[in-house]
Amino acid sequence: MAKEEVLEVVEEPTNTEDIEEELSPWYVFCSTGCGFCKKAEPVVEELNNEGYDILTLDLSEPDNAKLNQELKTEYGVQCGTPWFINAETGKGVCGYREKDVIKQWLDGEDIPEPPKPTGPPPRPPFHGATNKEEIAWKKEYKKWVKDNKHMPDNWQKQQKSASEIIDAPRPKSDPPRPPMGPQMAQATDESFDKWGEEYKKWQEENKHLPNLQPVDQMVQNMKNRRDQMAAQQAGIQPGVRAPGTPAVDNTKLNTLDAKVQALEVKIDKLMSHFGVK
């Protein structure tokens with residue numbers, strides 16, 4: 001009678017750590033048009049080349065934006081971009097910091113927030129203000145500078161004197177504010193055109209201000225940006241188009257997007273400088 005063959009059963013390894021690669025807990029959230037994000041790119045690259053593994057997540061991707069909000073809610077954080085965060089510990093760094101600071105964060109150290117001003121500077125008086133108004137503002141501005149002696153030297157050097165601000169061209173009134181941010185995606189052509197008419201009147205009244213950009217081009221750029229944002233919200237991926245629609249030059253679109261976002265930053269700074277909210 002023939003001997004029965006005995007089959008040897010080899011068990012597969014059950015330790016998933018031997019199979020799956022461990023994901024990095026270190027993230028840096030960035031956004032398009034963010035100057036400090038661009039500044040942080042070489043820092044992240046250098047640290048990754050030294051053996052760290054920081055994942056760069058662009059907030060224009062819906063999944064990344066969702067994760068960003070979940071982590072902020074979980075750890076009670078309010079931060080723009082760039083935002084460095086360890087998803088496992090909640091330790092993070094808000095804003096651009098030098099390489100040595102980011103390395104300390106990667107090594108598990110708590111990074112204190114940099115010193116902050118006591119508040120925004122007092123709003124300069126409009127062009128044509130009385131001498132009494134200008135003297136009162138100068139006094140208030142000098143007090144603001146004095147109240148911020150705790151700020152680092154590089155910040156102190158960036159602040160202009162009260163006389164320099166008063167002697168610089170100032171607007172006669174507040175500029176009209178266009179649809180911006182999330183509101184831009186829902187804005188109509190009529191709302192952009194209406195803003196353009198108001199802004200053109202404001203420019204006529206403020207011809208003494210330097211570097212005022214052509215209004216018609218600003219309006220068209222905003223409309224194009226609105227269309228792009230609406231397409232992204234609808235889930236249309238870059239480079240994918242419906243049958244029968246003309247091809248899109250992504251190079252031009254990206255360049256236009258960067259120009260519009262740079263314009264948004266300039267308008268935000270202008271509004272902030274003039275105390276407009």
### Violating pairs (Cα-Cα greater than 23 angstrom) within the set Lys39/Lys157; Lys39/Lys91; Lys138/Lys201
Lys138/Lys201
### Task
Evaluate the charge dipole of region 110-199 about its Cα centre and quote only its size in Debye, nearest 20, assuming +1 on the Cβ of each Lys and Arg and -1 on the Cβ of each Asp and Glu.
700 debye
### Task
Could you go through region 37-50 in sequence order and give the Karplus-derived ³J(HN,Hα) for each residue, using 6.51 cos²θ - 1.76 cosθ + 1.60 with θ = phi - 60°, rounded to whole Hz, and x for Gly and Pro?
5, 4, 5, 7, 4, x, 5, 5, 4, 4, 5, 5, 5, 8
### Task
Give a residue-ordered list of calculated ³J(HN,Hα) values for region 187-198 (Karplus: 6.51 cos²θ - 1.76 cosθ + 1.60, θ = phi - 60°; whole Hz; x for Gly, Pro).
6, 9, 4, 4, 5, 5, 5, 5, 4, x, 5, 5
#### Entry: region 85-135: GluC sites (Glu not before Pro) falling in loop per DSSP and having at most 16 other Cβ within 10 Å
Glu88, Glu98, Glu109
#### Entry: Leading residue at positive end of dipole, region 32-177 (Cβ point charges), from Ala87, Gly128, Trp155
Gly128
### Summary
Amide H contacts under 5 Å for Tyr52, restricted to residues at least 5 apart in sequence or on another chain and with H modeled in the peptide plane, are none
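Every number here is computed from the coordinates shown, using simple stated rules; none is lab data. What you see is a predicted model, and the numbers here were worked out from it, not measured in a lab. Ideal geometry is used to build each Cβ from the backbone, glycine not excepted, and the neighbour counts take in all protein chains shown.
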